[in-house]
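Engineer: Supplied in structure tokens, the structure appears directly below.
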Amino acid sequence: IMYGLTGVGSAFAGAVSDYVDYNNIMTTTRAILGTHDKGGNFSGRFSNMENNIRKIGMRTKFTAPEVAAASKFLAMAGLDIKSINESMPAITDIALVADSDLSETADVVTNIMTAYQMKPDKMREVADKMTMAFTMSNTTLMEMAESYKYFASIAAHEGMDFTDTTAMIGLLGDAGLKGSHAGTTIRQIFNNLKKPNKAMKELLSETGIKLNGDDGKLRPLFDIFTDLSKNNALDKAFEIFRVTAAQG
């Protein structure tokens, strides 16, 4: 009986602790949302979001406080109630597959989307592409997030396709270049293509490879590397990309 009572007491204490944690987190989340979500019926929409959070807590391995903490990170990233409701399933899915902390997952995915200037309605697309990349290559979600830190904003500014750069991270992971190493490598590859030196221009001219399209902008990286491969120009990687990016 004593052991039984002790077990019940511990379970009850744990439930009370979770309830307190959940309420504290949601109070903070409500305050954050109040600064930028100016839509009507705020209280009603917030209550609906809470119901969704609790449902996710019941359907998945994540507890309600964990889901609430993830919603707080989404709110901190500037998402409104509607966007959080739409984003949470995608965030939960990628965290489940990656076996990663839910709050950290919400944080890194929104950081990447912010750097890439993507709107919240792209959350599912981003989550699916990243999941495809880290499940089919020798890299992890957090290693990919570390890679993006070094080039995502530059890539967005120059119009580099998110799908292409995500695939590049996966391919570099297969070759043993991960995290910051992969990120700095991609950034340097791009910089060399964007501003080739005289020797690089001569080598590319010899092989007939064009870096820029008719509009004067850098062609998609996938197309450039396809041409490099077809023309056996990758044998001259050190001359084309210089030592800082040649390995990648």
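Engineer: GNM on the chain, C-alpha springs below 10 Å: top fluctuator among Gly57, Gly44, Gly183?
Structural biologist: Judging by the Gaussian network model, the answer is Gly44.
Engineer: Divide by every residue of the chain the summed helix terms, -39500 (n - 2.57) for each DSSP H run of at least 4, and state the resulting mean residue ellipticity at 222 nm, rounded to the nearest 500 deg cm²/dmol.
Structural biologist: -23500 deg cm²/dmol
Engineer: Hey, any idea what Rg/Rh is for region 174-213, computing Rh the Kirkwood way over Cα pairs?
Structural biologist: Expressed as Rg/Rh, it is 1.10.
Engineer: Given the Cα-Cα distance of Asp128 and Asn197 and 0.36 nm per residue of separation, how much length would full extension add, in nm?
Structural biologist: Additional length available on full extension: 21.1 nm.
Engineer: What is the magnitude of the charge dipole of the chain about its Cα centre, with +1 placed on the Cβ of each Lys and Arg, -1 on the Cβ of each Asp and Glu, and no other charges, expressed in debye to the nearest 20?
Structural biologist: Computed about the Cα centre, the dipole is about 400 debye.
Engineer: Would you work out which of Gly248, Met113, Ala98 lies farthest towards the positive end of the dipole of the chain? Charges go on Cβ: Lys and Arg +1, Asp and Glu -1.
Structural biologist: Met113
Engineer: Bin width 10 Å, alpha-carbon pairs only: give the P(r) of region 182-238 as whole percents, running from 0 to the bin holding the largest distance.
Structural biologist: 22, 61, 17, 0
Engineer: Using Cα atoms only, what is the angle between the long axis of helix 179-194 and the major principal axis of the chain, expressed in degrees (0 to 90) to the nearest 10?
Structural biologist: The helix 179-194 is inclined about 40 degrees to the chain.
Engineer: Still on this structure, I have one more. With contacts defined as alpha carbon pairs under 8 Å and 6 or more residues apart, what's the relative contact order of the chain in percent?
Structural biologist: 13
Engineer: Right, another one. Within straight cross-link reach of Lys217, meaning Cα distance under 17 Å, which aspartates and glutamates are found once same-chain residues fewer than 8 apart are removed?
Structural biologist: Excluding near neighbours in sequence, the set is Glu158, Asp161, Asp164, Asp227.
Engineer: Tell me the carbon and sulfur percent of the accessible area for the chain, rounded to whole percent, probe radius 1.4 Å.
Structural biologist: That share works out to 55 percent.
Engineer: Per-residue counts of other Cβ atoms within 10 Å, averaged by peptide: what ranking do you get for 227-234, 150-157, highest first?
Structural biologist: 150-157, 227-234
Engineer: Continuing with this model, one more query. Once the Cα gyration tensor of region 67-182 is diagonalised, what are the square roots of 5 times its eigenvalues, in whole Å and ordered largest first, as equivalent ellipsoid semi-axes?
Structural biologist: So the three semi-axes of region 67-182 are 22, 16, 11 Å.
Engineer: Along the three principal axes, how long is the chain when you take its alpha carbons, biggest first, rounded to the nearest angstrom?
Structural biologist: Sorted from largest, the Cα extents of the chain read 83, 48, 22 Å.
Engineer: Apply 1/(1 + (r/R0)^6) to the Cβ-Cβ distance of Asn212 and Ile154, taking R0 = 22 Å, and write down the FRET efficiency to the nearest 0.05.
Structural biologist: That gives a FRET efficiency of 0.80.
Engineer: Output the pairs from Lys82/Lys119; Lys82/Lys129; Lys122/Lys210 with a Cα-Cα distance over 24 Å in this structure; if there are none, say none.
Structural biologist: Lys122/Lys210
The values are calculated or read from the model by the stated rules, or taken from the named source; none is laboratory data. Please read these numbers as outputs of a predicted model, since none were measured by experiment. Because the Cβ atoms are built from the backbone with ideal geometry, glycine has one as well, and the counts that use them run over all protein chains shown. Ligands, DNA and RNA are stripped out before the accessible areas are found, and what is left, the full protein with its side chains, is counted by its heavy atoms. Shrake-Rupley method; radii C 1.70, N 1.55, O 1.52, S 1.80 Å.
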